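Just below is one structure, and these are the notes that go with it.
The values are calculated or read from the model by the stated rules, or taken from the named source; none is laboratory data. Note that the structure is a prediction, hence the values are computed from the model and not measured. Virtual Cβ from ideal backbone geometry, glycine too; neighbours counted across all protein chains shown. Areas reflect the complete protein model, heavy atoms only, side chains present, ligands, DNA and RNA absent. Shrake-Rupley method; radii C 1.70, N 1.55, O 1.52, S 1.80 Å.
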Amino acid sequence: MDYKAFIDEQIKSIRQQVGNGTAINAVSGGVDSSVVTVLAHRALGSQLKTVFVDNALMREGEPQRVVNLFAQMGIPVELIDARQTFLKALAGLTDPEQKRQAITDTFYRDVLASAVKRYGARFLFHGTILTDIEETVAGIKRQHNILTQLGIKTEEAYGYTVIEPLKTLRKDGVRAVAALLGLPDQIVRRIPFPGPALAARIVGEVTEEKLNVVRKATAIVEEELANTGAFQYFAVLLEDRATGIRNGKREFGQIIVVRCIDSTDARQATVRELPWDVLHRLCDRITQIPGVNRCLYDLTPKPPATVEYV
Ligand code: XMP
């Protein structure tokens, strides 16, 4: 594919669709939403309003890091603190699809819709990619950013028109476009992180306490595996508990699973054979997190597993 031509076409098409109106987009710092941000910003300049929604489900230091990074590229990003709104919406939910639904509804219907109103925007950019659409339509897993493909009329439901410039690309294509757009390496090569964020890494109910545990474990995994070049690596907090011993006392503690996979586009994945010393270091550090007394390594490829647990 000629990605240079793709960029030119998208910029032209965005200008045509938006005209002299105002558009809004939410950036997460992932490669998809970052590419959309730069494309739309090149097309629209100050007609584009970019927000970062802090949904309480982000990794350590992520909100500020993303805002600062785009500021360096000359793209202003408004930080919206919606932590309590999301935590309330997730309280009591254990079913994966209900959790996704709650995040989707809170994100689009509450938080973004009010930002859209505030800015008087009529268009919303999405970083939807082809794999998201295929898997959602096939009923494998509902990606949180799929709306129109499921027959949701966003004009009626949320009051804005959705534009999806990346919907013909897969992850490898998005990375190629990101590099051509001059995005920094830390974004071009950033491992995928799901829209539902750390809520996808907690089996069962999402609480602030569990978020703190999985956030710490995620930071350890990302630090230890940063140089592996693997497609994706992360920590998952299980709902089960296991007996352990801490300071000579019995503890019914939490269980963290570490996953590290190779893939080109996340449709299929194989498990990285990590060296034992790396696995031991991960286990040592993760079991130092208060309350966590087991660390497991997941050997399951996709299929039969999916990448995420939720
Ligand atoms: P699964 O778990 O479906 O994951 O095998 C495939 C890829 O998609 C990411 N993923 C998501 N991304 N919203 C997203 O934006 C979601 O709801 C979602 N679920 C999974 C996952 O991290 C993997 O890279």
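Axis angle, to the nearest 10 degrees, between helix 31-44 and the longest C-alpha principal axis of the chain: 20 degrees.
Please compute the net charge surrounding Leu166, taking Lys and Arg as +1 and Asp and Glu as -1 over other residues with Cβ under 14 Å from its Cβ. Surrounding charge for Leu166 is -3.
Quick one: which of Lys117/Lys153; Lys12/Lys117; Lys171/Lys302; Lys99/Lys153; Lys49/Lys167; Lys12/Lys167 span more than 19 angstrom between C-alpha atoms? Check vs 19 Å cut-off fails for Lys12/Lys117; Lys99/Lys153; Lys49/Lys167.
Per residue, the chain exposes an accessible area of 46 Å² to a 1.4 Å probe, with every protein chain left in place. Helix content alone sets the calculated 222 nm mean residue ellipticity of the chain: runs of n ≥ 4 DSSP H residues at -39500 (n - 2.57) each, divided across all residues, give -11500 deg cm²/dmol.
Each peptide among 287-294, 132-139 gets the average number of other Cβ atoms lying within 10 Å of its residues, and from highest to lowest they stand as 287-294, 132-139. Charge tally for Phe86 (other residues, Cβ to Cβ under 10 Å; Lys, Arg +1; Asp, Glu -1): 0. Put a plus charge on the Cβ of each Lys and Arg, a minus charge on the Cβ of each Asp and Glu, and nothing anywhere else: the dipole of the range 3-188 about its Cα centre is then about 280 debye.
By the Cβ rule of 4.7 Å, the chain holds the following cysteines without a possible disulfide partner: Cys260.
Compute the acute angle (0 to 90°) between the alpha-carbon long axis of helix 171-180 and the principal axis of greatest extent of the alpha-carbon atoms of the chain; round to the nearest 10°. Its long axis makes an angle of about 60 degrees.
Measuring between their Cα centroids, the range 71-87 and the range 171-211 lie 16 Å from each other.
For the range 184-225, trypsin sites (Lys or Arg not before Pro) meeting the loop criterion (DSSP other than H, G, I, E, B) and having at most 15 other Cβ atoms within 10 Å: Arg189. Based on Cα atoms of the range 202-297, Rg over Rh with Rh as the Kirkwood radius reads 0.99. For helix 3-18, what angle does its Cα long axis make with the longest principal axis of the chain, in degrees from 0 to 90 and rounded to 10? Relative to the chain, helix 3-18 is tipped by roughly 60 degrees. In this Cβ point-charge picture (+1 for Lys and Arg, -1 for Asp and Glu), the chain has a dipole of about 320 debye about its Cα centre. Length available on full extension from Asp298 to Gln17: 0.36 nm per residue minus the Cα-Cα distance, which gives 96.6 nm. Over all other residues within a Cβ to Cβ distance under 13 Å of Arg15, the charged ones net out to 0, with Lys and Arg as +1 and Asp and Glu as -1. Counted over the chain, the DSSP beta bridges are approximately 40% antiparallel. Taking the range 213-300, which GluC sites (Glu not before Pro) meet the DSSP loop condition and have no more than 15 other C-beta atoms within 10 Å? Those that pass, being in a loop and sparsely packed, are Glu273.
For Glu239, the residues whose modelled amide H falls within less than 5 Å of its own, excluding neighbours fewer than 5 places apart on the same chain, are Val203. Would you work out if the range 3-188 is rounded, prolate or oblate? Take a ≥ b ≥ c from the square roots of the eigenvalues of the alpha-carbon gyration tensor; rounded if a/c is under 1.5, else prolate when a/b is larger than b/c, oblate otherwise. Since a/c stays below 1.5, the shape of the range 3-188 is classed as rounded. The length gained by stretching the chain between Ser46 and Asp185 to full extension, at 0.36 nm per residue less their Cα-Cα distance, is 47.5 nm. Over the chain, the reciprocal of the mean inverse Cα-Cα separation, the Kirkwood hydrodynamic radius, stands at 20.3 Å.
For Lys216, the aspartates and glutamates whose Cα comes closer than 14 Å to its Cα, not counting residues fewer than 8 places off in the same chain, are Glu60, Glu62, Glu208, Glu224, Asp284.
Roughly speaking, to the nearest percent, how much of the chain's 1.4 Å accessible area is carbon and sulfur?
50 percent
Sorted on the mean count of surrounding Cβ atoms within 10 Å across their residues, most packed first, peptides 35-41, 48-54 read 35-41, 48-54. Note on Ala5/Asp172: beta-carbon distance plugged into 1/(1 + (r/R0)^6) with R0 of 22 Å gives a FRET efficiency of 0.80.
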